[in-house]
Every structure is written in C-alpha cells, then in structure tokens.
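One structure is given here, and the rest of the page talks about it.
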Amino acid sequence: MVLKDLSSVKLDVWFVVMACMAFFFLIQMFYFLYFYLKLARYKERNMGLHEGQPVSVIIAARNELENLKSNLTAILEQNYGEFQVVVVNDRSWDQTADYLREMKAKYSHLHVITVHEHDLYTHGKKMAVTLGVKGAKYDMLLFTDADCKPDSKDWISEMVKGYSGNEIVLGYSPQMKERGFLNWLIRFDTVQVGMQYLSYALAGVPYMGVGRNMSYKKDLFFKQNGFKKHYHIQSGDDDLFINQAATKDNVSIRVNGDAFMMTKPKTSFKDWWWQKKRHFSSSGFYKFKHKVLLSLYPMSLLFLAIATVVSLFGPYIWLALGLYMTRITIQLLIFNAIYKKLGARELLVLTPFLELIFLFINPLIHVSNAFVKPNKWA
C-alpha cells in the first residue's frame, strides 16, 4: 500500500513537470504565431507618399577616420534626388577633420558639424546626434553610423518608401560576413534582435530601433523634446527615443534588401562584449510592458529546455521530446521565411544551438552591467 502511494506521488510529480513544460511551450507558440509569423508573412509595400522629398542623412562620428574612408562615399553617392549628409565630428583627435574637409570640397551636399573638446564639459553621443538634427536642412531624417555601408545605391530611396503618413521608419542593419565563430555569434545576435523589433512593430508594439538604419521626422524629435527624458543615460540615442516616441500607428518597417545598411562587426570578443553592454544598459529604461514581453520569451525557453531535460528521467520522455521538437519545427519553419528576408538563411540550422548559448550570454551581460557600466559612446 505504501509502495503504491509512493508510485502515485512520483507520477504526480512527473505530471506537474509535463504540465509546466506544456505551459512554457504555449508561451513560445504565442511569440512565434503572434509576433514572428507577422514578419514571416510580411510583404513589402512601396508607400511612396514621400518619395522624392529631400532627406538629411545624419552620422555622428568620433575618431572614425578609417570607417568614414570606407563608407562615406557610398552614402554620398546614393541614387536620390535631393539629400544632404550631415557628419557630426565629435571631438575626434585623429585625422577625421582633415578627411572631411577633403570630402566637403568634392561633395557640396556634405555638411560637417565640428564639436571641439572642452576641459570643463563632457557629453555623449546624444549631444552629437542632437546637433546633427538641429543642423539638418530637411525635415526627413535618416540615421546611420560611420561603420555602416549601404547595401545598394538605392538605400535612401528604399527607406523613404516606408513613409505612409507615419513618422518613423525602422530599417535593418545586418553584420558583414567574416570568418570565425565570433562572427556567427554576432550575426545571429543581430538577426534575433532585428526580427524581434521588426515583428513587434508589425504587431503594433514598437519598442526600439537601431541607429545604424532608421528614419524619423525632425518635428517628431522636437515634439518629444529630443533626448531630454533620458539624456542622463549614456546610451539610448536610438532605442530609447523610439521607445518613447513610437506608437502602434506611427511606425512602419523596411526589410527590402536594398534598404539594408551593412555594419562592420567587431573582431574581438572583448569589443563585442562591451558593445553589448552598451546596448543592454538602456533596456532597463524601456516601458514596463516592453520589458515584460522581452523577458518572457527567453525565460519561457529556458524553463522549457530545463523541463525537457528533467523529463528525460521520467515516464513521459517521448512526449517531452515530441513537444520540444514540435517547438523547434514550428520555429524553423517561421524563421526560415524571416531569415530569407533578412539575408541570413545560413544561420537557420544553428538556431536551436545558438539561441541556447545566448540564454547564458545575455543574462551574464545584464549582471555585469550591475557592477561595471559602460562609460563611453560608440
């Protein structure tokens, strides 16, 4: 009688484990079917309502001589009617100023704003971006970084096509392909972040954009009082501003390959780690609902994985494996369509493995930020 009772207790425990696993599975399905499926099925529409209107491209740069030499010409020579490129040379001590003077002599639509070092005053990237916005000639603003290069000569044109009465256009910025496992990690991470903010925007929950490739109206910047609400935070000139200004009705996205802005990836784990720390340092200031949504997906995946491993020692092993494999199958089917749009299909087969790695990397970065915060803009 006692043995039967113990057996019943054990079965009850395994039933609870499976019930938890089913719960976490359903959470994962919610994200795949409500958010990511929208991006997988998204068909680009060329709104064209503002096509041909003048654009100001803004680049804030500090000691970016080599990157500007590699990328600035491709931006200045875009196939677009009327546009200017505003480069804010923020306290550079390399030869950036000399190079920009040479380029200004060749390209009349290049506008350079120089910020000099001051012993009694320091600032971050937000000041440089603000000066770029104030110095921009046109109302339609398009942002990128010095280490970025447009994937086509129609980058400006394609991004402008995203305007359809809205005030914000979110683009995508893939990392350039290079050799090594670190590059795979960086490109995978970029794809995950990209598909996340793009699909959330399509679902009416826009929460961020990346300063490497996004656009908004100048009057929106001033209507939001610029970066005033979060100026004290070192990072966030892109994601925190979008988190503050975006609504379900004023944002569109562009995932056309010609609208991509390619980014030069970090080549050392240390540099990438510190870049991630800077990016994560602003996420704690997102709206509460965004923080909940962004946390629930990785947490449910972690608990689902743990429950699956625990279930391997119980009586429902095949049911547990079947549930987890179903989750992976649905994920890969949806992600395949997204990766195709984002030019990253070669990463698909490694997705189940790489996402588990980031279940450990991302929390470690968050924990490290609690002790050592990034203190420079990039």
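Laid out as a table, the results:
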read-out: Test: residue in segment 147-160 that is within 30 Å of GLN331 (Cα to Cα), touching a residue at least 24 places away in the same chain (Cβ under 8 Å) and basic (Lys, Arg); value: no
read-out: Search result, residues across segment 274-295 that are among the basic types (Lys, Arg), in contact (Cβ under 8 Å) with a residue 60 or more places away in the chain and either assigned by TED's automatic domain parsing to the domain that holds VAL367 or surrounded by fewer than 16 Cβ atoms within 10 Å (Cβ to Cβ) (or both); value: LYS287, LYS289
read-out: Members of segment 199-238 found to be among the polar types (S, T, N, Q) and either farther than 13 Å from LEU170 by Cβ or not in a helix (DSSP H, G or I) (or both), listed by number; value: ASN213, SER215, GLN224, ASN225, GLN234, SER235
read-out: Single match in ALA307, ALA337, ALA344 (criterion: hydrophobic (A, V, I, L, M, F, W, C), surrounded by 15 or more Cβ atoms within 10 Å (Cβ to Cβ) and farther than 24 Å from ILE186 by Cα); value: ALA307
read-out: Residues that are surrounded by 22 or more Cβ atoms within 10 Å (Cβ to Cβ) and either farther than 21 Å from SER173 by Cα or among the small types (Gly, Ala, Ser) (or both), drawn from segment 239-249; value: ALA246
read-out: Residue match in segment 158-180 (condition: farther than 18 Å from PHE285 by Cβ, assigned to a helix (DSSP H, G or I) and in contact with a strand residue (DSSP E or B) (Cβ under 7 Å, 6 or more places away or on another chain)); value: yes
read-out: Residue in segment 114-125 that is outside any loop (DSSP other than H, G, I, E, B) and within 21 Å of MET208 (Cβ to Cβ) present; value: yes
read-out: Qualifying residue in segment 122-131 (condition: charged (D, E, K, R) and within 24 Å of the chain's Cα centre (by Cα)); value: yes
read-out: From the options SER300, SER252, residue that is outside any helix (DSSP H, G or I), surrounded by 17 or more Cβ atoms within 10 Å (Cβ to Cβ) and among the polar types (S, T, N, Q); value: SER252
read-out: Tally of residues being over 23 Å from ALA61 (Cβ atoms) and hydrophobic (A, V, I, L, M, F, W, C) across segment 194-219; value: 6
read-out: Any hit, segment 314-325, residues being assigned to a helix (DSSP H, G or I), closer than 28 Å to HIS123 by Cα and modelled with pLDDT of 90 or more; value: no
read-out: Cross-chain or 6+ apart pairs with Cβ under 6 Å, segment 22-38 first and assigned by TED's automatic domain parsing to the domain that holds LYS341, then part of a helix (DSSP H, G or I) and of a type in the set (Lys, Arg); value: PHE25/ARG327; GLN28/ARG327
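Here's the yes/no breakdown for (1) more than 26 Å from TYR138 (Cα to Cα); (2) surrounded by fewer than 21 Cβ atoms within 10 Å (Cβ to Cβ); (3) modelled with pLDDT of 90 or more; (4) assigned by TED's automatic domain parsing to the domain that holds ARG254:
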{"site": "LYS69", "(1), (2), (3), (4)": "no, yes, yes, yes"}
{"site": "ILE75", "(1), (2), (3), (4)": "no, no, yes, yes"}
{"site": "VAL87", "(1), (2), (3), (4)": "no, no, yes, yes"}
{"site": "GLU102", "(1), (2), (3), (4)": "no, yes, yes, yes"}
{"site": "VAL112", "(1), (2), (3), (4)": "no, yes, yes, yes"}
{"site": "GLU117", "(1), (2), (3), (4)": "yes, yes, no, yes"}
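The values are calculated or read from the model by the stated rules, or taken from the named source; none is laboratory data. What you see is a predicted model, and the numbers here were worked out from it, not measured in a lab. Every residue, glycine among them, receives a Cβ derived from its backbone with ideal geometry; neighbour counts consider all protein chains shown.
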